[in-house]
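Worksheet: one structure, shown below.
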Amino acid sequence: MEFQQNLLEYISQSLMTIGETISVAESVTSGCLQLAFSQMPSASLFYKGGMTTYTLPEKVRLLKVNQQEAEDCDCASENIAETMALKVAKLYESDWSIATTGYSTPIRSSAYRIFAYFSFSYKGEIILTKKLELHPKTQALNAQLYYTEFILGCFKSELNRILILK
């Protein structure tokens, strides 16, 4: 599995330049973002770690997601992604965090659609949450890789915004 090297290098350089850290909470991407961050140059200087909370009980237990809300939406909502992002940042004491939740295969509880929510937190606040939808015939691994690359691209844009403001 390969990621765009220039994207990884840019994110790495940016986080080191501003002296900030990041952590990740994943569900639908199932470790792909963690893998991408671990491949970045000098990752140990800014990447604090991450977790894959693939099931509802793990999201509730580890990331304090509201159980009733999670049951109502099968853990796939904007608010669930935001809660995951805020909690993982707090757990790892990181400046930034990224969280993902959703579906990489079409199943009944997703209305046979493939989609993901992702959220970024920065210094304890949500700064971006989006929903991505893919064609229902997209293969699961391709969906996970697409989500990962898209999210990293959006993260690069958010880093640019912060760098411009500093």
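The values are calculated or read from the model by the stated rules, or taken from the named source; none is laboratory data. All of these numbers come straight from a predicted model, not from anything done at the bench. For neighbour counting, all protein chains shown are included, and Cβ atoms are generated from backbone atoms with ideal geometry for every residue, glycine included. Side chains are part of the model used for accessible areas, which takes the heavy atoms of the whole protein and leaves out ligands, DNA and RNA. Shrake-Rupley method; radii C 1.70, N 1.55, O 1.52, S 1.80 Å.
Of the residues contained in segment 130-146, one or more are found to be touching a strand residue (DSSP E or B) at 6+ places or on another chain (Cβ under 6 Å), under 25 Å from I11 (Cβ atoms) and in a helix (DSSP H, G or I). Any chance segment 148-166 includes a residue that's of a type in the set (G, A, S), surrounded by fewer than 20 Cβ atoms within 10 Å (Cβ to Cβ) and more than 30 Å from I18 (Cα to Cα)? Within segment 148-166, not a single residue is of a type in the set (G, A, S), surrounded by fewer than 20 Cβ atoms within 10 Å (Cβ to Cβ) and more than 30 Å from I18 (Cα to Cα). Do we find that L33 is open to solvent by less than 20 Å² (accessible area, probe 1.4 Å), in a helix (DSSP H, G or I) and under 26 Å from E20 (Cβ atoms) in this structure? Yes; evaluated as a whole, the condition is true for this residue.
Taking the numbered list (1) open to solvent by 60 Å² or more (accessible area, probe 1.4 Å); (2) farther than 27 Å from P136 by Cβ; (3) in contact with a Lys or Arg (Cβ under 8 Å, 6 or more places away or on another chain) in turn, S14 passes all entries but (1). Of the residues E93, E69, E82, the single one that is in contact (Cβ under 8 Å) with a residue 24 or more places away in the chain, among the charged types (D, E, K, R) and closer than 19 Å to K130 by Cα is E82. Under the condition of being of a type outside the set (S, T, Y), closer than 12 Å to S27 by Cβ and in a strand (DSSP E or B), the residues counted in segment 83-117 number 4. The one condition from (1) buried (at least 17 other Cβ atoms within 10 Å of the Cβ); (2) free of Cβ contacts under 8 Å to residues at least 60 places away in the same chain; (3) of a type in the set (D, E, K, R) that K87 does not meet is (2). Of the residues S23, S38, the single one that is out of contact with any Gly (no Cβ under 8 Å at 6 or more places or on another chain) and either open to solvent by 40 Å² or more (accessible area, probe 1.4 Å) or of a type outside the set (F, W, Y) (or both) is S38.
In segment 133-141, the condition of being open to solvent by less than 30 Å² (accessible area, probe 1.4 Å), more than 11 Å from the chain's Cα centre (by Cα) and of a type outside the set (S, T, N, Q) is met by no residue. Restricting segment 43-84 to residues that are buried (at least 16 other Cβ atoms within 10 Å of the Cβ) and of a type in the set (K, R), the residue that is nearest to F115 (Cα to Cα) is K59. The single condition among (1) part of a loop (DSSP other than H, G, I, E, B); (2) on the phi > 0 side of the Ramachandran plot; (3) not hydrophobic (A, V, I, L, M, F, W, C) that G49 does not satisfy is (1). The residues of segment 103-130 that are in contact with a Pro (Cβ under 8 Å, 6 or more places away or on another chain) and either open to solvent by 20 Å² or more (accessible area, probe 1.4 Å) or without any contact (Cβ under 8 Å) to a residue 24 or more places away in the chain (or both), listed by number, are P106, Y112, R113.
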